[in-house]
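Student: Got a structure for you, questions after.
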Amino acid sequence: MIRIDGVGHRIGNAPILHDITTHLPEGRLTALIGPNGAGKSTLLRLVGRLEPLQQGRISVGGHDVSTTRTEDLARVMAILGQQNSIASRLRLSELVGFGRWPHHRGRPTAHDHARVAEALEAFALTPLAHRFLDEVSGGQAQRAHIAMAFAQDTDWLLLDEPLNNLDMAHARALMGRLRDLVRHQGRSVGLVVHEINYAAAWADHVIAMKEGRIVAQGDAHEVLTEAVLSDLYEAPIAVVSHQGRPLVLHHV
Amino acid sequence: MRATPALAVALAAMMLVSMTIGAASVDLGHAFSDPRTMLVLLESRLPRTLAVALTGAALSVAGVLIQALVRNRFVGPDTAGTAEGAALGLLAITILWPASPLWLRMVSASVSAMATTALFIAIIRRLPVREVMLVPIAGLVLSGVLGSVVTFIGWQTDLIQYIGTWLFSGEFSGVISGRYELLWIAGGAALLAWFAADRFAIIGLGDQVATGLGLGTRGVLRLGLAVVAVVTAMVVTTVGMIPFVGLVVPNMVARIMGDNLRRTLPVVALSGAVLVMACDLAGRLIIHPYEVPAGLVLGVVGSLLFLWLLHRRPAHG
């Protein structure tokens with residue numbers, strides 16, 4: 001379980017998070033939703049120790065994020081931030097290979113190579129494995145970064161807007177893959193999503209945030225209701241049921 | 001890897017040629033029968049040849065590191081304030097303690113080079129990431145400012161000639177046995193970087209990815225700074241700054257082989273050695289038995305190579 005206890009955060013004088021206390025349950029796919037500027041990414045980045053914790057405590061599977069050594073945390077959780085364009089010229093196989101680095105620290109074994117091949121295959125990157133990062137499309141590069149986090153093979157997988165740049169089919173395949181990890185391999189996943197229906201279709205647990213506070217949390221069908229969502233996004237939103245899952249109608 | 005053996009053969013062949021040319025004509029075949037030949041080889045030709053190879057290899061590796069640390073391909077140890085920093089350190093110790101032992105001068109040059117390179121990186125980290133061209137411009141401005149400080153102090157203290165040998169005329173004609181050995185330290189520092197190659201490759205992917213993979217970015221940054229500073233300081237004090245190697249060689253290798261530094265660093269080192277060796281040989285042959293400084297030849301060849309690289313740059317660089 002990821003425990004978040006009394007976490008506050010400021011950037012300069014601007015408060016980003018106000019005294020957040022919540023948890024991400026183990027063995028579940030948790031989605032963080034909310035309008036722009038709600039603090040979802042900041043919260044995920046604090047959990048993934050990409051930002052130093054200013055106030056409060058966070059622990060991941062019992063490991064306190066601010067006191068556990070970063071190399072030990074890398075074997076407990078993998079975090080993928082939002083990608084900014086990086087000019088590094090790595091082949092996709094090499095990039096995904098670095099996902100194993102926390103385990104082998106420079107001496108890859110046959111097992112590591114097998115996991116890398118598996119991750120490449122899982123994200124349909126095997127035919128592109130020898131291409132350089134700057135020779136593939138934005139969506140393909142994004143998939144390679146996700147595959148790297150996937151190859152890291154940790155109990156926790158945290159992804160900040162992983163659907164960016166992905167087309168419908170790849171977005172769906174990714175969500176399916178993540179649910180697979182949760183259902184069949186006992187992993188736990190936390191992700192920030194903007195397209196609410198991906199949360200509606202695949203998430204077990206939803207945390208809704210607005211202006212640095214949590215406004216609702218719980219099972220997907222409890223949180224993704226007309227009342228909560230209309231209030232959250234300050235827009236009239238209809239929710240219907242489709243194949244037993246909530247379906248959010250917000251485009252008209 | 002086909003590149004490595006080809007480069008190694010080219011380097012070996014050029015080193016052999018380098019042993020035979022110079023003002024005194026020497027026949028390698030008689031090395032063991034003629035003591036005078038042996039003397040020339042061991043005291044002058046071999047040291048010079050090794051100095052050229054070590055300088056080229058170490059500066060190229062330093063170039064890769066500084067480019068990974070600032071995530072920009074348009075910088076090198078000669079445009080990041082590093083060489084000027086080393087000169088500043090040498091100048092300071094020469095003025096403060098003229099009789100200081102050699103090792104202390106080296107430490108002073110290295111520490112000062114590290115400080116100015118750290119300043120460069122601190123400036124770069126405050127620039128917007130997307131402004132790719134600001135990084136080399138900031139480097140040139142910083143180098144220019146530091147260079148003028150060095151020149152001013154040198155002018156005030158009558159040490160301009162020293163500064164000239166450090167910063168402007170990188171060349172190897174003065175290298176004899178006993179006056180180049182510091183370059184082995186530069187070579188050793190570059191070798192040290194190879195052991196941490198994965199770490200530098202990961203740092204090149206951004207702080208975010210590096211942290212996610214459990215890499216302490218500060219430690220890698222410090223190691224990179226130390227290697228770049230030590231390499232540059234040793235080169236500046238022994239043969240003077242050699243331009244462009246640390247800029248062009250990493251770019252050429254990355255274009256062909258990518259940035260998996262564990263695989264590419266040996267190729268980078270060999271290519272750097274080959275390039276500087278070729279320029280030194282050219283400088284020795286053009287107006288034989290006189291010499292054109294290798295730094296000058298590299299200035300011409302390097303800038304042409306750089307223009308070619310810029311021109312051929314793919315859209316996604």
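Student: From (1) touching a residue at least 60 places away in the same chain (Cβ under 8 Å); (2) more than 7 Å from chain B (Cβ to nearest Cβ); (3) in contact with a strand residue (DSSP E or B) (Cβ under 7 Å, 6 or more places away or on another chain), pick out the condition that doesn't hold for A:Pro15.
Tutor: The number of the failed condition is (3).
Student: Given the conditions (1) within 14 Å of chain A (Cβ to nearest Cβ); (2) assigned to a helix (DSSP H, G or I), report the number of the one that B:Leu140 does not fulfil.
Tutor: (1)
Student: Just need a number here: residues in segment B:251-276 that are of a type in the set (S, T, N, Q) and open to solvent by less than 20 Å² (accessible area, probe 1.4 Å). Reasoning before the result, please.
Tutor: So in segment B:251-276, the residues of a type in the set (S, T, N, Q) come out as B:251, B:260, B:264, B:271.
Then keep just the ones that are open to solvent by less than 20 Å² (accessible area, probe 1.4 Å); that gives B:251, B:264.
Number satisfying all stated conditions: 2.
Student: Please count how many residues of segment A:133-180 are within 16 Å of A:Ala122 (Cα to Cα), within 14 Å of chain B (Cβ to nearest Cβ), open to solvent by 30 Å² or more (accessible area, probe 1.4 Å) and assigned to a helix (DSSP H, G or I).
Tutor: Residues in segment A:133-180 being within 16 Å of A:Ala122 (Cα to Cα), within 14 Å of chain B (Cβ to nearest Cβ), open to solvent by 30 Å² or more (accessible area, probe 1.4 Å) and assigned to a helix (DSSP H, G or I): 2 in total.
Student: Let me ask something else about it. If I filter segment B:275-303 down to residues being free of Cβ contacts under 8 Å to residues at least 40 places away in the same chain and within 18 Å of the chain's Cα centre (by Cα), which single residue comes out as nearest to B:Leu50 (Cα to Cα)?
Tutor: Looking at residues that are free of Cβ contacts under 8 Å to residues at least 40 places away in the same chain and within 18 Å of the chain's Cα centre (by Cα), I get B:Cys279.
Student: Somewhere in segment B:193-204, is a residue closer than 13 Å to B:Val64 by Cα, within 14 Å of another protein chain (Cβ to nearest Cβ), open to solvent by 10 Å² or more (accessible area, probe 1.4 Å) and of a type in the set (Asp, Glu)?
Tutor: yes
Student: Could you pull out the residue among B:Asn260, B:Asn251 that is within 19 Å of B:Ala196 (Cβ to Cβ) and either within 14 Å of chain A (Cβ to nearest Cβ) or modelled with pLDDT of 95 or more (or both)?
Tutor: Unique residue meeting the criteria: B:Asn260.
Student: Would a scan of segment B:65-77 turn up a residue that is open to solvent by 20 Å² or more (accessible area, probe 1.4 Å), within 15 Å of B:Val231 (Cα to Cα) and of a type in the set (Val, Ile, Thr)?
Tutor: The answer is no, given that none of the residues of segment B:65-77 is open to solvent by 20 Å² or more (accessible area, probe 1.4 Å), within 15 Å of B:Val231 (Cα to Cα) and of a type in the set (Val, Ile, Thr).
Student: If we scan segment A:111-119, do we find a residue that is open to solvent by less than 50 Å² (accessible area, probe 1.4 Å), of a type in the set (Val, Ile, Thr) and free of Cβ contacts under 8 Å to residues at least 40 places away in the same chain?
Tutor: Within segment A:111-119, one or more residues are open to solvent by less than 50 Å² (accessible area, probe 1.4 Å), of a type in the set (Val, Ile, Thr) and free of Cβ contacts under 8 Å to residues at least 40 places away in the same chain.
Student: Right, here's the next one. Does A:Arg89 count as modelled with pLDDT under 95, open to solvent by 10 Å² or more (accessible area, probe 1.4 Å) and touching a strand residue (DSSP E or B) at 6+ places or on another chain (Cβ under 6 Å)?
Tutor: yes
Student: State all residues of segment B:224-260 that are in contact with a Lys or Arg (Cβ under 9 Å, 6 or more places away or on another chain) and within 16 Å of B:Arg71 (Cα to Cα); if no residue qualifies, say none.
Tutor: Listed by number, the residues that qualify are B:Gly224, B:Leu247, B:Pro250, B:Asn251, B:Ala254, B:Arg255, B:Gly258, B:Asp259, B:Asn260.
Student: Does segment B:51-58 include one or more residues that are among the β-branched types (Val, Ile, Thr), over 25 Å from B:Leu11 (Cβ atoms), in contact with a Leu (Cβ under 7 Å, 6 or more places away or on another chain) and away from chain A (no Cβ under 14 Å)? Reasoning before the result, please.
Tutor: Within segment B:51-58, the subset among the β-branched types (Val, Ile, Thr) is B:52, B:55.
Right, trim to over 25 Å from B:Leu11 (Cβ atoms) and you get none.
Checked segment B:51-58: no residue is among the β-branched types (Val, Ile, Thr), over 25 Å from B:Leu11 (Cβ atoms), in contact with a Leu (Cβ under 7 Å, 6 or more places away or on another chain) and away from chain A (no Cβ under 14 Å).
Student: I'd like to verify a number: residues in segment A:49-58 that are open to solvent by 20 Å² or more (accessible area, probe 1.4 Å) and away from chain B (no Cβ under 11 Å), how many?
Tutor: Residues flagged as open to solvent by 20 Å² or more (accessible area, probe 1.4 Å) and away from chain B (no Cβ under 11 Å) within segment A:49-58 amount to 5.
Student: To continue, here is another question. Out of all the residues in segment B:67-104, which are assigned to a helix (DSSP H, G or I) and within 14 Å of another protein chain (Cβ to nearest Cβ)?
Tutor: B:Gln67, B:Ala68, B:Leu69, B:Val70, listed by residue number.
Student: Additional query: Got at least one residue in segment A:221-233 being in a loop (DSSP other than H, G, I, E, B) and surrounded by 14 or more Cβ atoms within 10 Å (Cβ to Cβ)?
Tutor: yes
Student: Let me spell it out: the conditions are (1) away from chain B (no Cβ under 12 Å); (2) in contact with a strand residue (DSSP E or B) (Cβ under 6 Å, 6 or more places away or on another chain); (3) among the polar types (S, T, N, Q), and A:Ser41 meets all of them except one. Which number is the exception?
Tutor: Failing condition for A:Ser41: (1).
Student: Which one of these is β-branched (Val, Ile, Thr), in the same structural domain as A:Leu166 (by TED's automatic domain parsing) and more than 25 Å from A:Met168 (Cα to Cα): A:Val189, A:Val240, A:Val228? Before you say what the answer is, go through the steps one by one.
Tutor: On the way: A:Val189 fails: more than 25 Å from A:Met168 (Cα to Cα); A:Val240 fails: more than 25 Å from A:Met168 (Cα to Cα).
Going through A:Val189, A:Val240, A:Val228 in turn, just one is β-branched (Val, Ile, Thr), in the same structural domain as A:Leu166 (by TED's automatic domain parsing) and more than 25 Å from A:Met168 (Cα to Cα): A:Val228.
Student: Also, quick follow-up: Does B:Asp207 satisfy being of a type in the set (Asp, Glu), within 14 Å of chain A (Cβ to nearest Cβ), on the phi < 0 side of the Ramachandran plot and open to solvent by 20 Å² or more (accessible area, probe 1.4 Å)?
Tutor: For B:Asp207, the condition - of a type in the set (Asp, Glu), within 14 Å of chain A (Cβ to nearest Cβ), on the phi < 0 side of the Ramachandran plot and open to solvent by 20 Å² or more (accessible area, probe 1.4 Å) - is met.
Student: Could you say which residue among B:Leu11, B:Leu16, B:Leu46, B:Leu7 is open to solvent by 80 Å² or more (accessible area, probe 1.4 Å), out of contact with any strand residue (DSSP E or B) (no Cβ under 6 Å at 6 or more places or on another chain) and modelled with pLDDT of 85 or more? It would help to see each step written out before you state the result.
Tutor: On the way: B:Leu11 fails: open to solvent by 80 Å² or more (accessible area, probe 1.4 Å); B:Leu46 fails: open to solvent by 80 Å² or more (accessible area, probe 1.4 Å); B:Leu7 fails: open to solvent by 80 Å² or more (accessible area, probe 1.4 Å).
Result of the check over B:Leu11, B:Leu16, B:Leu46, B:Leu7: B:Leu16.
Student: Here is a follow-up. Of (1) out of contact with any Gly (no Cβ under 7 Å at 6 or more places or on another chain); (2) touching a residue at least 12 places away in the same chain (Cβ under 8 Å); (3) under 23 Å from B:Phe120 (Cβ atoms), B:Ser148 satisfies all except one. Which?
Tutor: Of everything listed in (1) out of contact with any Gly (no Cβ under 7 Å at 6 or more places or on another chain); (2) touching a residue at least 12 places away in the same chain (Cβ under 8 Å); (3) under 23 Å from B:Phe120 (Cβ atoms), B:Ser148 misses just condition (2).
Student: Consider segment A:104-121. How many of its residues are at pLDDT 95 or above and within 12 Å of chain B (Cβ to nearest Cβ)?
Tutor: 0
Student: Here are some conditions: (1) aliphatic (A, V, I, L, M); (2) part of a helix (DSSP H, G or I); (3) away from chain B (no Cβ under 14 Å); (4) under 19 Å from A:Asp160 (Cβ atoms). A:Leu46 meets all but one. Which one does it not meet?
Tutor: Evaluating A:Leu46 over (1) aliphatic (A, V, I, L, M); (2) part of a helix (DSSP H, G or I); (3) away from chain B (no Cβ under 14 Å); (4) under 19 Å from A:Asp160 (Cβ atoms) leaves (3) as the failure.
Student: Are any residues in segment A:65-79 open to solvent by less than 50 Å² (accessible area, probe 1.4 Å) and either out of contact with any Asp or Glu (no Cβ under 9 Å at 6 or more places or on another chain) or facing chain B (nearest Cβ under 7 Å) (or both), and if so, which ones?
Tutor: A:Val65, A:Thr68, A:Thr70, A:Glu71, A:Asp72, A:Leu73, A:Ala74, A:Ala78, A:Ile79
Student: Could you identify the single residue in A:Glu26, A:Glu71 that is over 17 Å from the mean Cα position of the chain (by Cα) and either assigned to a strand (DSSP E or B) or not aromatic (Phe, Trp, Tyr) (or both)?
Tutor: A:Glu71 is the lone residue from the list that is over 17 Å from the mean Cα position of the chain (by Cα) and either assigned to a strand (DSSP E or B) or not aromatic (Phe, Trp, Tyr) (or both).
Student: Can you report the number of residues in segment B:145-167 which are over 16 Å from B:Arg105 (Cβ atoms), open to solvent by 30 Å² or more (accessible area, probe 1.4 Å), at pLDDT below 90 and not in a loop (DSSP other than H, G, I, E, B)?
Tutor: The number of residues fulfilling the criteria is 2.
The values are calculated or read from the model by the stated rules, or taken from the named source; none is laboratory data. This is a predicted model, so every value here is computed, not measured. With ideal geometry, Cβ positions are generated from the backbone for all residues, glycine too; neighbour counts draw on all protein chains shown. Surface areas here come from the heavy atoms of the whole protein model, side chains and all, with no ligands, DNA or RNA. Shrake-Rupley method; radii C 1.70, N 1.55, O 1.52, S 1.80 Å.
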